[in-house]
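Here is the structure we will look at, set down as C-alpha cells.
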Amino acid sequence: MPQHPSIDLATFPPGFRWSAATAAFQVEGSRTADGRGRSIWDDFVDAPGAVHGGATAEPGPDSYRRHREDVALLAALGVDRYRFSISWVRVQPEPGGPVLQAGLDYYRRLADDLRDAGVTPFATLYHWDLPSTLEQQGGWLRRGTAERFGEYAEIVAEALGDRIRHWYTLNEPVSTSLQGYAVGTLAPGRQLLFDSLPTVHHQLLAHGLAQRALRAAGAEEVGIVNNHTLVLPASGTDADLTAAAVYDVLHNRVFAEPVLTGAYPDLEALGIPPMPVADGDLDLISVPGDFYGINFYNPTTVAAAPQGGPIPFEIVPTPGAPVTGFGAEWPIVPAALTELLLDFRERYGDRLPPLVIGENGASFPEPDHVHGPVDDADRIAYLAGHIDAVGAAIRAGVDVREYTVWSLLDNFEWADGWTQRFGLVHVDFDTAQRTPKASFDWYRTLIAESRS
Ligand code: GBH
C-alpha cells in the first residue's frame, strides 16, 4: 500500500515512538470476574438511559480473557509501546482496603506478554473508573480521593514496578471534570456546572501524589496526559472572544498551567470560582514530568451563550470542516494540532517537557459484522493528516517524542456505547472476533518505513 504522500517520515527523529492505546473499562469486559469491585462506570452503565442502547461494556473486545490476541496484534503492527490502563477496582476493590492479587496478576501477565512480544508497556493508572465507594463519599469533589489515589499508586508501583517502567498517571482529567461532574454526560453523571471545579484541583493533586509514588518506586518515565483542544472564537465580537477565553481556561489552561508553571490562570478575572488549593499543593503538582502528554482530537469553535443561561459559552460547528462519526461535535482540522503544539512551545517555553501524543484517532460509521477487509480510507486520511501535523510541529522545533493511535481496537465508547468505532482493528461485539482494517496495514507500513 502506498504511503500517504503528505507524510515526510524523515522529520521524525530516530527513536521517535509509534504506539496504540486502549483503556481498561473500554476493552476488558469481565466486570465481576475474580473479585473485581465496582466503579462509577459500572454504576453508569447500569443506570437506565445513561448509555446508548443500554450497552453494558460486556463482553465487547473481552480483553480480560483475550489479551494474548491483543498482544499478537500489537506485535504484528510493530508498535514501540502499548498504552493500556489499570483498573483500580481490579487491584483494590475497596479503596483503603486489601489488595486483590488476581487483578495484579492480570496486569503482570499482560506486561510480561508485551515484553516477550517486543512491545513496551506504557500503563495509565486512571482512565475514568473511580471506585464507587469513593464516589459515594463525594468522589473527586473531595481531597481525600486524591490521597486514596496516592495509596493506590504506591500499591501498583510496588507490585508492578519491576515490569512496567513507563507510566501515565491520569487520563484527561478535563473529561472527568467537565463531562463527568459539570454537565453529566459521562460518569458519575453529575450536573454541578461551576461547583464541579474542585474536581480539577483534586485530580491534579492525585497526579502529583501518584507521580511521587511511582518515582519513589524507581519508575523510568512518568507524566500526566491531558486532553487539549485548539479553541477558535466563532467571531471577532467581544462576547465571542470572552466566551472563547473562558472555554480555553476551563478546558486547557486550568489543567496545563498548574502542571507546567505551578500556578492556575487568573480565574477571578473571568468570574470563575477559586480552586481549593492548600499549602504545598502547587509545588507537588508542578514537579516536572518526564514528558507531558497531549490527547488531541479536534478544535472547538466557541460562541457566547444566549444571555441568562447557566454557562457563558456554547460550542458551535466549525465552519467548512469535515466531521467524524460523532457529527459536528468532531470537526476534522489537522492543522489545528500543529497550531496547538506551537502554542504550547510558545507559551511554556523551556518549562515544557518532551511531548507525547497520548491519543489521536477518529470514529466513522462501519458495519457491526464483517467478513473480510474493512476499507477505512477516512481513518487513514485522518491519521495521516494528524501525523503530518505533528511532523510540521517537529520541523518548527517542538520536541515531540511519541504518537499514539486511539485505538488499537473498536471498543466501548463510554456514553455512546458500541456505536463509535475507533479501532485499527474491527471488533465484532457479539463474538469478539478481531479483523484488522486497512488502517492497520497502513500504520504497520508507516512504522516499518520510518525505521528503515
Ligand atoms: C478520549 O476522550 C478518551 O480518553 C478515550 O477513552 C475515548 O474513547 C476517546 O477519546 C474517544 O472519545 O461527554 O457526551 O460529549 C476524548 C474526549 C469524551 C470526547 C467523550 C467525546 C463524547 C461524549 N471525549 N465525548 S459526551
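Taken together, the values in this text are just the output of simple stated rules run on the coordinates, not laboratory data. Predicted model, so just to flag it, every value in this text is computed and none were measured. Heads up, the Cβs are rebuilt from the backbone with ideal geometry, glycines too, and the neighbour counts pull from every protein chain shown.
Some notes on this structure:
- Packing-based order for 88-97, 276-285, 213-222, using average beta carbon neighbours within 10 Å, highest first: 88-97, 213-222, 276-285
- Counting Lys and Arg as +1 and Asp and Glu as -1 over every other residue whose Cβ lies under 15 Å from the Cβ of Trp442, the net charge comes to -3.
- Cα gyration tensor shape for segment 307-452, rounded if a/c is under 1.5, else prolate or oblate: oblate
- Taking other residues whose beta carbon is less than 13 angstrom from the beta carbon of Arg401, and scoring Lys, Arg as +1 and Asp, Glu as -1, yields -3.
- 14 Å beta-carbon shell around Asp281, net charge (K/R +1, D/E -1): -2
- Hydrodynamic radius by Kirkwood, which averages 1/r over all alpha carbon pairs of segment 25-172, in angstrom: 15.9
- Stokes-Einstein diffusion coefficient of segment 55-128, Kirkwood radius over Cα pairs, 25 °C, 0.890 mPa s, in µm²/s: 185
- DSSP-defined beta bridges in segment 228-328 - what % are antiparallel, rounded to 5: 60
- Amide hydrogen neighbours beyond the local backbone of Phe313, cut-off 5 Å, H modeled: Ala305
- Anisotropy class of the chain from Cα gyration tensor, a/c 1.5 cut: rounded
- Rounded if a/c under 1.5, otherwise prolate or oblate - segment 233-330, Cα gyration tensor axes: oblate
- Helix-only mean residue ellipticity at 222 nm for the chain, each DSSP H run of n ≥ 4 adding -39500 (n - 2.57), per residue, nearest 500: -11000 deg cm²/dmol
- Antiparallel content of DSSP bridges confined to the chain, in %, to 5: 20
- For the chain, a crude dipole built from +1 on the beta carbon of Lys and Arg and -1 on the beta carbon of Asp and Glu, taken about the Cα centre, is about 720 debye to the nearest 20.
- Of all complete DSSP H helices in the chain, those with a Cα span along the helix axis of 24 Å or greater and a mean Kyte-Doolittle hydropathy of 0.5 or more are 377-395.
- When segment 174-272 is reduced to its Cα atoms, the Kirkwood hydrodynamic radius in Å: 14.9
- As computed over segment 1-100, the Cα convex hull volume per residue (Å³): 177
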